[in-house]
Amino acid sequence: MAAVAAVYPYIKALNAEILSISTDSAFSHKVFKETSPSLKNVTFPMVSDRTHVISRAYRVLDENIGAAFRASVFIDPEGVIRAKLVYPGNVGRNLPEHVRMLQAFEYAKQTGKGVPANWVPGQEGISTDPSNIGNI
Amino acid sequence: MDEKLYAEDLSQCPTVFCATRDDQAPLFTADAVINGDIRKINLEEYRGKWVILFFYPSDFTFV
């Protein structure tokens, strides 16, 4: 969670909010927040999905253990899911990729260009003009 | 995208809904810990901003 807190200022600057969600109770979240040094800098809301309704609705509930997958869902300002990253149980997320994804959405919106693989801010996008097909 | 889709409705939803790219994000209200307080949050109130939902299996583990 410290890794998430570390990129949170960059996420906020991109007009985005983070909501962390697990099926633990809000009381568990509170104690987790109060006792874990890694949560010292966490200021985003920690959501309790005690009923599993949210995890199930987003199709990230592991019904066998009653817990959510490690997954990140990107929702745009109009309330539409634009990307969904689902991770294995034993591999943590790449947080810079989350920031890059938001930067890429913004770049694509502003320039109308496609965003190629491994793009990072400062690099050129790709023209989506059909006449370029086969030339890139 | 004018019709609202609530998480609760999907439990009984007969059609296949995968909650993936270009789907409406199911709306929900839930308890959340914010700066040490337990408060209700509503996903709808974040309209106009990007939101990243960080699902994780369990407290006291890594994200």
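Every number here is computed from the coordinates shown, using simple stated rules; none is lab data. Computed from a prediction, not measured in an experiment: that's the story for all the values here. We place every Cβ from the backbone using ideal geometry, glycine too, and count neighbours over all the protein chains shown.
General remarks:
- Taking the empirical scaling 2.2 N^0.38 Å for compact globular proteins as reference, the protein assembly as shown has a Cα radius of gyration ratio of 1.07.
- Mean separation of Cα pairs under 8 Å and 6 or more residues apart, divided by the residue count, gives the stretch A:1-128 a relative contact order of 19 percent.
- Under 5 Å, built H, 5+ apart or other chain: amide partners of A:Ile21: A:Val47, B:Phe54, B:Phe55, B:Tyr56
- Rounded if a/c under 1.5, otherwise prolate or oblate - chain B, Cα gyration tensor axes: prolate
- Judged by the gyration tensor of its Cα atoms, with axes a ≥ b ≥ c, the stretch A:2-93 is oblate; a/c meets the 1.5 cut and b/c is at least as large as a/b.
- Spatially, the stretch A:49-106 and the stretch B:19-62 are offset by 10 Å when compared through their Cα centroids.
- Taking 29 Å as the limit for the C-alpha separation, the pairs A:Lys113/B:Lys4; A:Lys12/A:Lys33; A:Lys109/B:Lys40; A:Lys30/B:Lys4; A:Lys113/B:Lys40; A:Lys33/A:Lys109 exceed it in the case of A:Lys113/B:Lys4; A:Lys109/B:Lys40; A:Lys30/B:Lys4; A:Lys113/B:Lys40; A:Lys33/A:Lys109.
- If only the Cβ of Lys and Arg carry +1 and only the Cβ of Asp and Glu carry -1, the dipole of the stretch A:16-76 around its Cα centre is close to 120 debye.
- Computed from backbone phi with θ = phi - 60° and the Karplus coefficients 6.51, -1.76 and 1.60, the 3J(HN,Hα) list for the stretch A:74-89 is 9, 10, 7, x, 8, x, 10, 5, 10, 7, 9, 10, 10, 9, x, x Hz; x is used for glycine and proline.
- Packing-based exposure ordering (other Cβ within 10 Å, fewest first) of A:Glu63, B:Glu45: A:Glu63, B:Glu45
- Net charge of neighbours whose Cβ lies under 9 Å from the Cβ of B:Ala19, counting Lys and Arg as +1 and Asp and Glu as -1: +1
- Note on the protein assembly as shown: dipole from Cβ charges, positive end direction compared against B:Phe17, A:Tyr87, B:Asn42; the farthest Cα belongs to A:Tyr87.
- Pairwise label distance in nanometres, B:Glu45 with A:Gln110, each label 7 Å out on the Cα-Cβ vector: 3.0 nm
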